[in-house]
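Here is the structure we will look at.
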Amino acid sequence: MEHSNPTDPKSIHEVSDHEVQSNPESPDGLWLRFLTYAKWYPKDMSHPEKKLVLKLDIMILTFGCLSFFTKYLDQQAITNAYVSGMKEDLNLHGNELNYITAVFWASYCTAMIPACYWLTRTWINVALPTLEIGWGLFTFGCAWAQNLNTIYAMRFFIGICESCSFTGVIYVIGSWYKPGEMTRRVALSFVASPLGTMFAGYLQAAAYTNLEGRHGLPGWRWLFIICTIITIPICILGYIIFPDVPHRSKPRFLTATEHDIANIRLKGLTAPSELKVSRAIFKRVFGRWHWYVFVVHWTLMDQNFTPYSTPFSLYLKAKPEIYSVSRVNTLPTIATALSVVAALVAGVTADRLRNFWIPSVATSIPVLIGVVLLVVYNVGETGRLVGFILTGFEGAISPLSMSWATITMANDAEERAIVTASMNAIGQAMAAWTQIFQYPAISAPYFRTGFISNLVTTIAQFLSVGLIAFLVHRDKRKELSSSVVSQEGIHLTMAPPIEPDVTSETHDDPQTITRSRSSWYRSIPFQIAVASGVSFTAPGMWDALNNLGAGGAAEPYAVSAANALVYGLFAIVCVAAGAINNRIGLRYGLVLGAIGYPIYGAGLYTNNYHPTTWFLLFGSALCGISAGFFWAAEAAIIIGYPSPKERAFYIAIWQTAKSSGPIVGGAISLGLNAQSSKKGTVSASTYIVFIVIMCLGLPIALLLSPAEKVQRKDHSLVIVDKKATWAKEFKAAFSLIFTRRVLLLLPAFFISYFYNGFQSTFLTTYFTVRSRAFSSFLTNFAGIASSFIWAALLDRQSIFIKTRARIAFGSITVLIIGTWIWATVLQKQYYDAPEPPMFDWFTSGFNKAYALVFFWNFGGQAFQQFLYWLVGQYSTDISSLSYHCGILRGFEALGQTVAWAMQTEGGANHFVSIGLNFGITVLAFVPTWIVLSELEHSHEVQVTVEDVAPKTVGESTA
């Protein structure tokens, strides 16, 4: 076998041929195959390298995650102890908790940067476990404290011991893994910190309930004792498995061959891990933008972490008449759990997109909404709880920011270590003293200064994300320009201007058309972000209103009639809008699509509080026309802009944004209506908030790039086949309806959202206002989960495309049919009851009734995603997609028109709606199966101008 350059990362298994290839055909075991399938390891990684990285994961991440877990368990313990009896036992009645926290952070941050230097000159695998023993013992000391000064001393030394944990684990991860392997591992490590915080709440609740008074000790002292008992075994585990950096010593669980591979695989990919501090290093660090911008960004993030931690606990503690000690300790864990989910989802998304600013912005939006609720404050008790909980989304920013910084500085280990240490030290130091003024304990429960300051820092966080994205992109362009100059041997300033060449060919595929320059605002992630932003603000908020049941009204019948008008006009306009958008451009089609939604919201508001049926109908009509343009444009953008192999994933991102609208809207509504445990109309403020958000859709739509200027990751162009005249556009669009393939798909188009009308009536008839608001908030998580589950299958290139289609469609159909059988059983029970049930949240019968709504949305979203993906397989260009999507959405709207019209009469038999949904789903199965069985290629193909130009639309899409 031919030997490769040892620094070639793609052939590391060929480097030590005599050692590594002694068993070159060794198959991956079940666990490695699963992790490869889950994309934890790349498919092209050799078996020996996978085995090595798996061992590294076990050694580094096991101890690293457990260390982070105990670190934050011990940190949170002081707050939980304070609200569980320590305050009274030690006679703490002022801002002592703030001062205790400040002492900890002062020592922690002071020791941080010296620790960064010290770790490079000692055995990290000995230093970190030893220091962890130190913080465990000092935590144990807190259990026996008899006065405030002892607590100050213990927390001071705990801060010193913990200062190395964060820096050390991140430094070791950066020393053993390639840049492309770091992000998900850093994210996984960070997830352990909120888990520790969350577990501390449950642990204190259990200690207070079960150990209070045991052996003469109060529950809060037992908490510190139990934290120590958990910490010490993890220290011992660290001594056994945690490795030092690769250049210093061989870990005991790696063979000599694996240690050699570990060193060789990093050559040329990352800078050496040895850090030697000198003046030259500091001159280099402070001469670049990384230190300044990342430190400021991290400091803002640390400020925004604050509301859902100690202030949340102090808020609950200040209301003993509402919240028991157990609830004071457990309610904040909801926000912590949300931060865990947000961090994992954002980490996976960033890794898949290879983009950090989009998930950073997406997770900052609910944080902003939560802080706004806290600033307004007069939003009801549950509204304030929702505000605190939504700030838990900030937990995703930490791993995103650290990974962003680590990868940005991958080629300079010295700078990376100093900057990441500085980020943590300065950010925490600022948070330590600012919270004394922002959230003094004596101000509980109303921290007006803190809430307003966090509103400012949250807005500033959006700006810092944008600034980092701009600077990183600028540096990449400079690096690319320098590379081009070096290769050509000329100065760029002396070269003649180069226009984008739309006919130049790539080396990989001579059929693919490419551009010579790229811009982030022309990239696919940015276009999807724009489309998702409009989807969030316009139809997302529309869905949030309708998920309340009848648009939040007391009776469903007038609003059902208005929605029937919306979908009737939507159905008519949408088919034509495909042709119109092709002429005027998808950007202006999206703009037209965003106009009608706020008018519809205004119509609902006026009808509920100042009955004006004419305005409700006018708003509905305008929304129907507008929606026709919106969905024809939006669907074409989401399907047509990305390359075919990424199509399902981006559809999932878009569906997530659309579902996030109802989630955020549902959270707002839940907070504003949480005290309404009866039937009726939702509050006026609910409508006003929704209308304001809907108005943002239009300016966001203007940011979309025209199709011909969009740049894919592989540099191929989006193909546009615009007809010469308006007449030819309309002829092409309408003639497509009568092609065999589209006729076979019409029943599936018609039924795809048919369930929505009956779901609205079901919610209004059987659920209270606040349980409807709860449904509006939670149900859309079903759609998000569904989108990514089916995206993982539909984009799976290792499975033939026809097989993927059959598995997905068959599974989705079985699921949908199952929900209608379930609905039949429940409806029979409700009709047989002496009087119709009315479910408040978590009352008897609520769970099984709400579960039906949840799975309606899970299956409905899956069916929608599948149809978009299937249409994309048969469309040759963006124009063809415009026609197809117009037809898909048009007939889907026709189905919803019928569905909503059936709900306009009071007393209608619900079995009619259930039967139609069931019957048409079954009817659509066979023709759809025929269409997907005709998929000809084994995998997605890239369409080029040569494929489109000689054909007519009928030929290319029939």
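The values are calculated or read from the model by the stated rules, or taken from the named source; none is laboratory data. Here the structure is a predicted model, which means the values were calculated and not measured. Backbone-built Cβ (ideal geometry, glycine too); neighbour counts: all protein chains shown. Quick note on the areas: whole protein, heavy atoms, side chains included, nothing else; ligands and nucleic acids left out. Shrake-Rupley method; radii C 1.70, N 1.55, O 1.52, S 1.80 Å.
For W404, the conditions (1) more than 28 Å from the chain's Cα centre (by Cα); (2) open to solvent by 10 Å² or more (accessible area, probe 1.4 Å) all hold with the exception of (1). G601 passes all but one of (1) more than 28 Å from the chain's Cα centre (by Cα); (2) open to solvent by less than 10 Å² (accessible area, probe 1.4 Å); which number fails? Of (1) more than 28 Å from the chain's Cα centre (by Cα); (2) open to solvent by less than 10 Å² (accessible area, probe 1.4 Å), only one is false for G601: (1). Could you please let me know if I230 is assigned to a helix (DSSP H, G or I) and crowded, with 21+ Cβ neighbours inside 10 Å? Taking the combined requirement at face value, the residue does not satisfy it. In the range 257-283, the qualifying residues are those that are at pLDDT 75 or above and surrounded by fewer than 16 Cβ atoms within 10 Å (Cβ to Cβ), and the one that is farthest from the chain's Cα centre (by Cα) is T257.
Tallying residues that are under 21 Å from A335 (Cα atoms) and either modelled with pLDDT under 80 or among the charged types (D, E, K, R) (or both) within the range 395-431 yields 2. Of all residue pairs spaced 6 or more apart or on separate chains, those with beta-carbon atoms under 8 Å, a first member in the range 824-843 that is more than 16 Å from H910 (Cβ to Cβ) and a second member that is open to solvent by less than 60 Å² (accessible area, probe 1.4 Å) and assigned to a helix (DSSP H, G or I) are D840/R770; D840/S771; D840/F846; W841/R770; W841/S771; W841/F774.
Annotation: C885 fulfils all but one of (1) touching a Gly at 6+ places or on another chain (Cβ under 7 Å); (2) at pLDDT below 75; (3) part of a helix (DSSP H, G or I); the unmet one is (2).
Taken residue by residue, the range 801-810 has no member that is of a type in the set (K, R), assigned by the TED database to the domain that holds A648 and under 22 Å from the mean Cα position of the chain (by Cα). For first residues located in the range 160-173 and open to solvent by less than 10 Å² (accessible area, probe 1.4 Å), partners that are β-branched (V, I, T) and lie 6+ apart or on another chain with Cβ distances below 7 Å form the pairs G168/I124; V172/I60; V172/I124; V172/V245; I173/I60; I173/V186.
Scanning the range 400-433 for residues that are in a loop (DSSP other than H, G, I, E, B) and among the β-branched types (V, I, T) yields a count of 0. For the range 895-931, filtered to residues that are modelled with pLDDT of 80 or more and under 16 Å from I572 (Cβ atoms), the residue that is surrounded by the fewest Cβ atoms within 10 Å (Cβ to Cβ) is V898. Restricting the range 50-99 to residues that are among the charged types (D, E, K, R) and in contact (Cβ under 8 Å) with a residue 40 or more places away in the chain, the residue that is surrounded by the most Cβ atoms within 10 Å (Cβ to Cβ) is D74.
Tell me which residues, restricted to the range 302-314, are more than 22 Å from N424 (Cα to Cα) and under 28 Å from the mean Cα position of the chain (by Cα).
Of all residues in the range 302-314, those more than 22 Å from N424 (Cα to Cα) come to 312-314.
Passing the criteria: F312, S313.
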